[in-house]
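For reference, the structure discussed in these notes is given below.
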Amino acid sequence: MAIVMDFQEEKREKKPIGWNGRTLVQMITESEQQMRETGRYCGTERLSIKESDPIFYEKIWSRLRGALVGARETAMHISASPITREAGELCFCLYTPEGDSVAVSTGIMAHVHTMSDGIKHMVRSDYEENPGIAPGDVFVNNDPLLGDVHNADVQEFLPIFHEDELIGWAAGVTHELDTGSPFSSAHPVGVTSRYEDGWILSCEKVGENDRLNRDYENRAQTATRMPFYWILDEKCRIAGCQMIREAVLKLVGEIGIEIYKTFVREVIEETRRSFQQIVRTTLVPGTYSFAGFMDYTHGADTGRMPDYAAVDTIQHGPLQVKIERDGRLLMDLDGANKWGHHAFNSTTTAIQAGVWIGLTQTAIPNEKVNDGAYLATETRIPPGTWANPQMPLVSTNLSWCSFLASITGLFKALSTGFVARGFCEEVVAGFPWTGNITQGGGINQHGADASWCNFEMSCCGTSAGYVRDGEHACAAVWNPEGDMGDLEAWELIEPLLYLGRRIRPSTPGMGKHRGGSGFESVRMVHGTKRQELFNIGYGKVFYGGGLFGGYPASTTPRHMVMNTDLEERISKRQPYPVSVRDIENSEMEGLVNGDELLDRNAKNVPVTTGEYDIYVSVLSAGHGVGDVLDRRVEDVIEDLNEDLLLERFALSAYGVVASRGEDGKWTADLAATEARREEIRKQRLERSVPVSEWLEQQRPRVARMDFSKQTRKMFRESLGLSTWWAEAFRDFWKLPGDWTFPEDNEPK
Ligand code: MN
């Protein structure tokens, strides 16, 4: 009996599962052809439901969106990982059978289109035929080449069937604590290839009948260092996807399958149109160019990495944002430099993650978000660059570092366009780098060989706007709902105690409006003799920067104290360090002795630490907007009184003459301040030269490429990869048409 049923089951699988008797391959081919031919999603001309009954239309939308948000809020409590549960690092989406996103939950907005790429990969490679797609199947993907940001983000896809038809996909993603790479961490620094990124599942079927297959569960027990969390994250994602599937089928039961099918087509087309409408209304057409940079400091890892990889790299992300008259938005990374033997290469899918965390927080914060908006944009990413290596074996586990730096240009471009159109409240001077990322591993305080990654970076400062200061320690560019998490939750899985956690003054970029502050965590290794600790901050280039004259936020140095005397101090009940506050007058002074490591190498192989060693993590702050001399004096005084600004910068940067009363409160000398500001303005005039003159002065230096070897390497790569960029560079610097990179000035 069982054999006969299996045979019938197999025969039934041959029947197409797409709509109206078509296969999924036929569906995606047709959909793409219609988009090409008509410029509209699936050729949709009329928004029939919206036009005939707009309230009914919005109710369907709210049901679906509500189901996704509800699934996220419920499922996050199934996970035990503090990254998911405390920091909210997860997201759920609903897709069409072809893999176009219909609606997205709150959370990591990066995944508007990443999981689309994963599902589309399964559709295009005819998973319908092999391995087959059936009700109750569970697919997992964390392959950045097929549709992910990095392999720490694990995605779950559950097909939603109505009778014999696939009507969509429920999908969810969480960020894992460990991916099983040679270094203990979810995103190891110091690796040079994909083989070292850890466990990669390439859109694999890992479950049937709503259960994970035992072989997959077995593999998960040893593939990473944190199997308990891996499996609980699996349950979190599957539970969320099942909730979405139930909600969709309940809705279909109420409104009928034909209305549902029509709705998902129309809502994607409506979102495409509304995205273009918003771009037309709020931005001025034109080309906006801004470059972003990131530093990779493997030069300091000589001897610990292969020679060819132990080099310093500046990543170049020259972003051109083109706003077309019809409201289409083009992003072009032509001129980006080469991929490298490091963990910071990106993929075309990862760039999409950056684009959508940018656009959902600027252009379309209140609108529907789905692949309709994606279809209203175009992203050009030249091959051979860090953003599109075309080398499948390079490491991409920290792609965030590179593409976020480039996306700083998107924020600046949009903000400039908003101001030009008079939408001043929409302006933001970009977002800070979400670091320092504290992560590490080794034998932990429970005696297990484990690894961890701290997500308090979900609470960086935000940047200033045109009419407001930034907010302190509250968000991450990739997760506006982020949270720093209770430190006790991190201490459960990390063998480092928090000695202190506080806002760190003078981390924000200054300006007429300053950025929001970052914070510092002072940690002490505890309960283990050995722990490998990473830093993932930035120290040698500014990340992003201020806008309209505002200053960039401070960099995030690497700061540790090894071989300390804290065991003795603690046993004698003596005071111990709880903060640094000011790197030039550290509050740790006199409270700990040991070997201090303080430098600007912020992306390196891990440092080996022992018990009672100190690790200081500086979390990023936001950038400033506008001239520092235009900041209201009372705001500078308030910053001093709130301990957000180090006293020396009140005078040197803001020109505010302030003194501290016996009550500890700061007050300004208004007359002296006015005089000082006048003096600074005068000095500025004396120092300044016309731009044309400055360009003249600099031209010979540029022609010789008289720059640091890291800068020369960066320019050489960009000039070599892009004819367009090379021409633009020669034009800008008025270099002869035959000018090429000087041969006699070879960088290492
Ligand atoms: Mn992630």
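The values are calculated or read from the model by the stated rules, or taken from the named source; none is laboratory data. As the structure is a prediction and not an experimental result, all values here were calculated from the model. A quick note on method: Cβ atoms are made from the backbone with ideal geometry, for glycine too, and the neighbour counts reach across all protein chains shown.
Remarks
- Residue in segment 217-231 that is under 20 Å from GLU73 (Cα atoms) and in contact with a helix residue (DSSP H, G or I) (Cβ under 7 Å, 6 or more places away or on another chain) present: yes
- Selection status of GLU662, free of Cβ contacts under 8 Å to residues at least 60 places away in the same chain, out of contact with any Asp or Glu (no Cβ under 6 Å at 6 or more places or on another chain), loosely packed, with under 13 Cβ neighbours inside 10 Å and more than 29 Å from GLY500 (Cβ to Cβ): no
For every residue, the table says whether it meets (1) within 16 Å of the ligand (Cβ to nearest atom); (2) assigned to a helix (DSSP H, G or I); (3) in contact (Cβ under 8 Å) with a residue 40 or more places away in the chain; (4) surrounded by fewer than 22 Cβ atoms within 10 Å (Cβ to Cβ).
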position: PRO365; (1), (2), (3), (4): no, no, no, yes
position: TYR374; (1), (2), (3), (4): no, yes, yes, no
position: THR379; (1), (2), (3), (4): no, no, yes, yes
position: PRO382; (1), (2), (3), (4): no, no, yes, yes
position: LEU393; (1), (2), (3), (4): no, no, yes, yes
position: THR396; (1), (2), (3), (4): yes, no, yes, no
position: SER402; (1), (2), (3), (4): yes, yes, yes, no
position: ILE407; (1), (2), (3), (4): yes, yes, yes, no
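- Those helices (runs of 4 or more DSSP H) of segment 10-124 in which 2 or more residues are in contact with a His (Cβ under 8 Å, 6 or more places away or on another chain) occupy 82-85.
- Listed by first and then second residue, the pairs linking a residue in segment 682-709 that is under 30 Å from TYR296 (Cα atoms) to a residue that is assigned to a loop (DSSP other than H, G, I, E, B) and not charged (D, E, K, R), with Cβ atoms under 7 Å apart and 6 or more places separating them unless they lie on different chains, are ARG699/TRP733; VAL702/TRP733; ALA703/LEU735; ALA703/TRP739; ARG704/PRO742; MET705/PHE741; MET705/PRO742; LYS709/PRO747.
- Residues of segment 31-55 classified as in contact (Cβ under 8 Å) with a residue 12 or more places away in the chain and in contact with a Cys (Cβ under 8 Å, 6 or more places away or on another chain), total: 2
- From the options ASP153, ASP148, residue that is in contact with a strand residue (DSSP E or B) (Cβ under 7 Å, 6 or more places away or on another chain), within 16 Å of the ligand (Cβ to nearest atom) and without any contact (Cβ under 8 Å) to a residue 60 or more places away in the chain: ASP153
- Hey, TYR538 in the same structural domain as LEU497 (by TED's automatic domain parsing), touching a residue at least 40 places away in the same chain (Cβ under 8 Å), assigned to a loop (DSSP other than H, G, I, E, B) and touching a Cys at 6+ places or on another chain (Cβ under 9 Å) or not: yes
- Contact map, segment 457-484: first residue on the phi > 0 side of the Ramachandran plot, second residue surrounded by fewer than 24 Cβ atoms within 10 Å (Cβ to Cβ) and assigned to a loop (DSSP other than H, G, I, E, B), Cβ cut-off under 9 Å, separation 6 or more or different chains; pairs are ALA473/MET484.
- Matching residues, segment 663-692, being closer than 19 Å to PHE649 by Cβ and aliphatic (A, V, I, L, M): ALA668, LEU670, ALA672, ALA675, ILE680
- Positions within segment 98-115 being under 20 Å from LYS235 (Cβ atoms), touching a helix residue (DSSP H, G or I) at 6+ places or on another chain (Cβ under 6 Å) and within 14 Å of the ligand (Cβ to nearest atom), in sequence order: GLY107
- Residue check for TYR95: in contact with a helix residue (DSSP H, G or I) (Cβ under 7 Å, 6 or more places away or on another chain), of a type in the set (Ser, Thr, Tyr) and away from the ligand (no atom under 16 Å from the Cβ): yes
- Taken together, the residues in segment 194-221 that are surrounded by 15 or more Cβ atoms within 10 Å (Cβ to Cβ) and in contact with a Ser or Thr (Cβ under 9 Å, 6 or more places away or on another chain) amount to 7.
Here's the yes/no breakdown for (1) touching a residue at least 40 places away in the same chain (Cβ under 8 Å); (2) closer than 24 Å to SER402 by Cβ; (3) part of a loop (DSSP other than H, G, I, E, B):
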{"position": "ALA171", "(1), (2), (3)": "yes, no, no"}
{"position": "THR179", "(1), (2), (3)": "yes, yes, yes"}
{"position": "SER184", "(1), (2), (3)": "yes, yes, yes"}
{"position": "VAL189", "(1), (2), (3)": "yes, yes, yes"}
{"position": "TRP199", "(1), (2), (3)": "yes, yes, yes"}
{"position": "SER202", "(1), (2), (3)": "yes, yes, yes"}
{"position": "ALA220", "(1), (2), (3)": "no, no, no"}
{"position": "ARG225", "(1), (2), (3)": "yes, no, yes"}
{"position": "LEU232", "(1), (2), (3)": "yes, no, no"}
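- The set of residues from segment 418-458 being part of a helix (DSSP H, G or I) and in contact with a strand residue (DSSP E or B) (Cβ under 6 Å, 6 or more places away or on another chain) comprises just one member, SER458.
- For segment 168-182, residues that are away from the ligand (no atom under 16 Å from the Cβ) and crowded, with 21+ Cβ neighbours inside 10 Å total 3.
- Residue check for ALA650: more than 22 Å from SER506 (Cα to Cα) and surrounded by 15 or more Cβ atoms within 10 Å (Cβ to Cβ): no
- Test set (1) surrounded by fewer than 24 Cβ atoms within 10 Å (Cβ to Cβ); (2) within 16 Å of LEU24 (Cα to Cα); (3) within 16 Å of the ligand (Cβ to nearest atom) - GLY118 fails condition number: (1)
- Matching residues in segment 263-297 - criterion: being of a type in the set (D, E, K, R) and over 19 Å from THR44 (Cβ atoms): ARG280, ASP295
- Qualifying residue in segment 506-517 (condition: of a type in the set (Val, Ile, Thr), outside any strand (DSSP E or B) and under 23 Å from TRP452 (Cβ atoms)): no
- Of the residues making up segment 442-500, those that are away from the ligand (no atom under 16 Å from the Cβ) and among the charged types (D, E, K, R) are ASP449, ARG468, ASP469, GLU471, ASP486, GLU488, GLU491, GLU494.
Matching residues to (1) over 17 Å from the mean Cα position of the chain (by Cα); (2) at pLDDT 95 or above; (3) more than 30 Å from VAL636 (Cα to Cα):
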| position | (1), (2), (3) |
| --- | --- |
| GLU426 | yes, no, no |
| ASN436 | no, yes, no |
| ILE443 | yes, yes, yes |
| ASP469 | yes, yes, no |
| PRO480 | no, no, no |
